[in-house]
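Here is the structure we will look at.
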Amino acid sequence: MDYNYFEDFKAGNQRVLEFCIQQNRSSLLFFAYKFIRDETVCEEIVADSFFKLWQHRARMTDLSHIQYFLFKTTKNACLNHIEKEKSSPFVYHGLEGIDQQDDRNIQFDMIYAEFIQLLCAELDKLPTQQAQIFRLSYLEGYSTEEICTLLNTTANNVFYAKSKVLSHLRQRFGRNDMLLALFLAPYLFQHL
Amino acid sequence: MTVPRDIAYLIFHHFQGDLTDLEQHELQTWLNSDPQHRVFFEQLAENSGWKQDLAIWHRLNNNTKKSQDDQMLLTKVMEKVQAMEEPVQTMKVSALWWYTAAAILLCCFSIYFIVQKGQSDKQDQTLTYKNTEDIKPGKSGARLTLPDGTVIALKSDDQGIQMGEEIQYVNGDRLATTDLTNTKIAANTPLTLEVPVKNFYKIILSDGTQVWVNSGSKLHYPLRFDKNNRVVELEGEAYFEVAKLTSNNAVRGAKPTRIPFLVKTKGQLLEVLGTKFNVTAYPNIKTTKTTLLEGKVAVSAAGYPSKSVLLIPGKQSSFDGNAFQIKEVDVDQAIAWKDGLFYFDGEDAKEAFEQLGKWYDIDIQYIGKEPRVAFFGTIERNKSLKTVVEILQKSGVKLRLEGKADRTRLMIEGE
């Protein structure tokens, strides 16, 4: 994004807002969901953060400033929401054990959200049915029989797809044993 | 300041083992710049919460409709902005609006130009019509057949009628004859809304579902819907905005079940749970097209509900009686008729010409290849056929009208 665009943004050009939404909507939604397990509320909060970004656009200096602003605003809104709904106990579902000053936390949260996005993108490179089977079994914990019913396919197909996914991921992460192990260990033990 | 996205990229590819030396160096610099960075990095590698977070990410973000979700959010944000800045109406809404505005302006200029030219220079008649008279546009209008067989001619009203305890116009006017309450009619006896060619009509069903019925179509629906099922039958084309309904007779504490809405057309069954979509199923055209704007629908061949095909917003299914084909379409084009517009997207104009044919009740014929029309924009449907043809001609589209027997035919030359 070149400098002129940014000046346009301050002047009221909506294209930059559109760009920021494309870049940050998914990770903000994920981030908000870490605080509040309610998709509708999260969507509302994220929309509001972008609205606030628009209001304060004149103060933005660059794209990473914008990203920081969005995460910070979203976090505050989430905490406010929790404050209002006192009845529900405050549980932060984020990375545990890292207790630092707020600003640095936000930075790590941003990195983490981006990281998860990259992992997801990796899964999306799989052929559709393989990705579907991987998600259902590994991420959502469905059994082979359940997957057969859901996808209207045979157990053989499910096993075949799983082994294809394995070999694909081995290829992708093969040079790093730690990640391969992390990524696949539960999968290996549960399903093979 | 280091950009989080870049750090995430470096860490991810470090795990994948395909960082360049330079990138590896960048990562090390970041790790060494602050002990907390290294702590974070190590915790990330050991964190077993990934599985859960991946699942969450996937649930929240559907990649296939990412651009649509982005667009929806943009619209939402801009609505908030506009609500704030009510008096200042200088906001640019979106590129498409500019195109549309430009196209409308272009149309206005064209008409002005044609009128001026016609007055000043009667000799210069480049537009040739053989045996054709101008054809007036269609209008809102329909016939309603009551369960007892009574046929009511509905008056022209863009807002249409509303079903309830009695039938009335949305603007509050009463219908001439509606003694539904007096007669003992079973709630599920079907009524028929018949929209003749060159007409359209809007109706709000008893459950609040809104239906725009296009030219030459019939909608069969019950006076009141069943408790557990809502079924309508369609011949022709209609756009639906289905009201979300849940059954309230569910056990306390149990999740209320949604009441499905079914649209039966020739050979196809469509099930929805509160959504917006357009269905085209004319009896004389083999293919049934379903275009989804919002929500989720399942379409299946009649009699095979278990072999259904799921549609996501922005997709259109075509069913030829045997198989379904799914493709991505411009949904604005699919529902332009409902807003009283012909929509030319500069590419495939077949859809727009089909609508034109239905609206003026004329035949469409292509000479040579299928039409690729270098015209982008919308034309309002309330113009006469001649005006619409002139606008297209002035924009460089090669087409002419011919009269044959008592039918008018629009001949379109492909490029």
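So, A:I45, is that one more than 11 Å from chain B (Cβ to nearest Cβ), touching a helix residue (DSSP H, G or I) at 6+ places or on another chain (Cβ under 6 Å) and modelled with pLDDT of 90 or more or not? Before you say what the answer is, go through the steps one by one.
Values: more than 11 Å from chain B (Cβ to nearest Cβ): yes; touching a helix residue (DSSP H, G or I) at 6+ places or on another chain (Cβ under 6 Å): yes; modelled with pLDDT of 90 or more: yes.
When the stated conditions are applied, A:I45 passes them.
Would segment A:110-132 turn up any residue that is surrounded by 21 or more Cβ atoms within 10 Å (Cβ to Cβ), polar (S, T, N, Q) and over 12 Å from B:L54 (Cβ atoms)?
Within segment A:110-132, none of the residues are surrounded by 21 or more Cβ atoms within 10 Å (Cβ to Cβ), polar (S, T, N, Q) and over 12 Å from B:L54 (Cβ atoms).
Which of the residues spanning segment A:17-31 are among the aliphatic types (A, V, I, L, M) and either touching an Asp or Glu at 6+ places or on another chain (Cβ under 7 Å) or facing chain B (nearest Cβ under 9 Å) (or both)? Outline the logic, then answer.
Initially, segment A:17-31 is screened for residues among the aliphatic types (A, V, I, L, M), giving A:17, A:21, A:28-29.
Listed by number, the residues that qualify are A:L17, A:I21, A:L29.
Can you tell me which residue is modelled with the highest pLDDT among those in segment B:125-171 that are under 30 Å from B:D406 (Cα atoms), touching a Ser or Thr at 6+ places or on another chain (Cβ under 8 Å) and among the polar types (S, T, N, Q)?
B:T145
Would you check if B:S306 is hydroxyl-bearing (S, T, Y) and without any contact (Cβ under 8 Å) to a residue 24 or more places away in the chain? Walk me through how you get there before you give the answer.
Numbers: hydroxyl-bearing (S, T, Y): yes; without any contact (Cβ under 8 Å) to a residue 24 or more places away in the chain: yes.
Judged against the criteria, B:S306 is a match.
Which one is surrounded by the fewest Cβ atoms within 10 Å (Cβ to Cβ) among residues in segment B:38-49 that are at the interface with chain A (Cβ under 10 Å from one of its Cβ atoms) and in contact with a helix residue (DSSP H, G or I) (Cβ under 7 Å, 6 or more places away or on another chain)?
Going through segment B:38-49, the residues at the interface with chain A (Cβ under 10 Å from one of its Cβ atoms) turn out to be B:39-41, B:43-49.
This time we only want the ones that are in contact with a helix residue (DSSP H, G or I) (Cβ under 7 Å, 6 or more places away or on another chain), so: B:40-41, B:44-45.
Working: B:F40: 23, B:F41: 19, B:L44: 20, B:A45: 14.
Going through the qualifying residues, I end up with B:A45.
Considering only segment A:133-160, state which residues are within 14 Å of B:Q52 (Cα to Cα) and part of a helix (DSSP H, G or I).
Hits for segment A:133-160 are A:F134, A:R135, A:L136, A:S137, A:Y138, A:L139.
Being closer than 27 Å to A:K34 by Cα, at pLDDT 80 or above, in contact with a helix residue (DSSP H, G or I) (Cβ under 9 Å, 6 or more places away or on another chain) and not assigned by TED's automatic domain parsing to the domain that holds A:F69 is true for just one of A:I111, A:I147, A:I133. Which residue is that? Explain how you work it out, then say what you get.
Values: A:I111 fails: not assigned by TED's automatic domain parsing to the domain that holds A:F69; A:I147 fails: closer than 27 Å to A:K34 by Cα.
Residue meeting the stated conditions: A:I133.
Cβ-Cβ distance below 7 Å, separation of 6 or more or different chains: which pairs start in segment A:116-133 with a residue that is touching a residue at least 24 places away in the same chain (Cβ under 8 Å) and end on one that is buried (at least 16 other Cβ atoms within 10 Å of the Cβ) and polar (S, T, N, Q)?
Pairs found: A:Q117/A:S26; A:Q117/A:S27.
For residues that are touching a helix residue (DSSP H, G or I) at 6+ places or on another chain (Cβ under 9 Å) and more than 28 Å from A:L123 (Cβ to Cβ), tally how many sit in segment B:1-37.
Total meeting the criteria: 4.
Considering only residues that are among the aliphatic types (A, V, I, L, M) and in a strand (DSSP E or B), which ones fall in segment B:212-232?
We begin by selecting, within segment B:212-232, every residue among the aliphatic types (A, V, I, L, M); these are B:213, B:219, B:223, B:231-232.
B:V213, B:L219, B:V231, B:V232 - these are the residues of segment B:212-232 that are among the aliphatic types (A, V, I, L, M) and in a strand (DSSP E or B).
Considering every residue within segment B:369-377, establish whether at least one is within 27 Å of B:E402 (Cα to Cα), in contact with an Asp or Glu (Cβ under 7 Å, 6 or more places away or on another chain) and assigned to a strand (DSSP E or B).
Here is the first cut: in segment B:369-377, the residues within 27 Å of B:E402 (Cα to Cα) are B:369-377.
Adding the requirement that they be in contact with an Asp or Glu (Cβ under 7 Å, 6 or more places away or on another chain) leaves B:372, B:376.
The next check asks that each one be assigned to a strand (DSSP E or B); those that pass are B:372, B:376.
Yes, the conditions are met somewhere in segment B:369-377.
Quick check on segment A:104-140: of everything there that is small (G, A, S) and facing chain B (nearest Cβ under 9 Å), which residue is farthest from the chain's Cα centre (by Cα)? Spell out the reasoning first.
Of all residues in segment A:104-140, those small (G, A, S) come to A:113, A:121, A:131, A:137.
Now restrict to residues that are facing chain B (nearest Cβ under 9 Å): A:113, A:121.
On the way: A:A113: 5, A:A121: 10 Å.
Checked segment A:104-140; the qualifying residue farthest from the chain's Cα centre (by Cα) is A:A121.
Go through segment B:262-312 and tell me which strands (runs of 3 or more DSSP E), entirely inside it, have 3 or more residues that are surrounded by 15 or more Cβ atoms within 10 Å (Cβ to Cβ) and out of contact with any His (no Cβ under 7 Å at 6 or more places or on another chain). Walk me through it before giving the result.
Details: elements: B:268-272, B:276-281, B:288-294, B:297-301, B:309-311.
Because the criterion is at least 3 residues that are surrounded by 15 or more Cβ atoms within 10 Å (Cβ to Cβ) and out of contact with any His (no Cβ under 7 Å at 6 or more places or on another chain), the strands (runs of 3 or more DSSP E) in segment B:262-312 that meet it are B:268-272, B:276-281, B:288-294, B:297-301.
The values are calculated or read from the model by the stated rules, or taken from the named source; none is laboratory data. Nothing here was measured: the structure is a model prediction, and the numbers come from that model. Don't worry about glycine lacking a Cβ; one is built from the backbone with ideal geometry, like all the others, and counts go over all protein chains shown.
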